[in-house]
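Report on the following structure.
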Amino acid sequence: MIRKCALALGAILLASGCGGSSQHESGAGRSPSVDASTSSASDTASSTPEATGSSPEPALTTEEPAEETSAEETPASDPLDSDDGEDTTDDDTEPAGDGSVDCAGLAGSGTFTDPLRLGSLDGPVTARGCAPLTPGSPFNVRYFSFTLSGSPGSNAHAGASFTLTQDALGPVYPAIVQPNGWVLKHSLGSGYWTGTEPDFTGRYQQIGDLAPGTYILRTEKLDTALHSMTTPSYDVVVDPDSSSY
């Protein structure tokens, strides 16, 4: 009887030992699931910085057009350049003063609306070496502007000085015109020659009766039957008769 009880007790102890090992295995079985969840969470966390790291890139591309816009605003300095151009134009209108100037160096193109500018005269001025006037418009006419800063003297004159040659037999005829186009002194209706025919050395208009102001001297090769003739190169002379200044 005692032996049976001992056997039964041993069976109970063995049964209890098997139950304890089964609980440890189930506990060990749970640990991989925790590790897996932890690793998946860490994977998710590691992917999060990549997403946040990529977000600043669109912000940078948004800032780049702003920099280009500020760069495009730099041409705002162009008006300063245009102001400099205006200053240059003002320099062209400064008084020419006494003496000689190079005709090719005068400001202007020689048309009526953009005449070659002799400036405001403080004395006699000669524009030397003006190109010959040749047949055909607009090469047979050239315009010069000048300003009388005071009342001219009785001997004041304006015109052209030249030397005729066998290859350039056409004289230069001057006329005095107002800036509005009104002709004050016609090429043939007034004026006088210097030299003797046929060796004329110049033709001039008297301007002693003009009031102070700006005028245009028109130099031309008259279109006559001998329209194929060419003038020689010539000098433009404007003398306000400085004795009265």
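Let me check against my output: what whole-number percent is the relative contact order of region 176-241, with C-alpha pairs under 8 Å and at least 6 apart?
29
In region 123-151, whose amide N lies under 14 Å from the spot 7 Å out along Cα-to-Cβ of Thr214? List them in ranges.
144-149
Mind listing P(r) for region 119-239? All alpha-carbon pairs, 5 Å bins, whole percents.
Pairs per bin, as whole percents: 2, 12, 23, 25, 20, 11, 6, 2, 0.
Along region 199-211, what does the Karplus equation 6.51 cos²θ - 1.76 cosθ + 1.60 (θ = phi - 60°) give for ³J(HN,Hα), rounded to whole Hz, x for Gly and Pro?
9, 5, 10, x, 9, 9, 10, 6, 10, x, 9, 7, 7
Readers should treat all values here as calculations from the given coordinates under stated rules, not as data from a laboratory. Keep in mind that what you see is a predicted model, and the values were worked out from it rather than measured. A quick note on method: Cβ atoms are made from the backbone with ideal geometry, for glycine too, and the neighbour counts reach across all protein chains shown.
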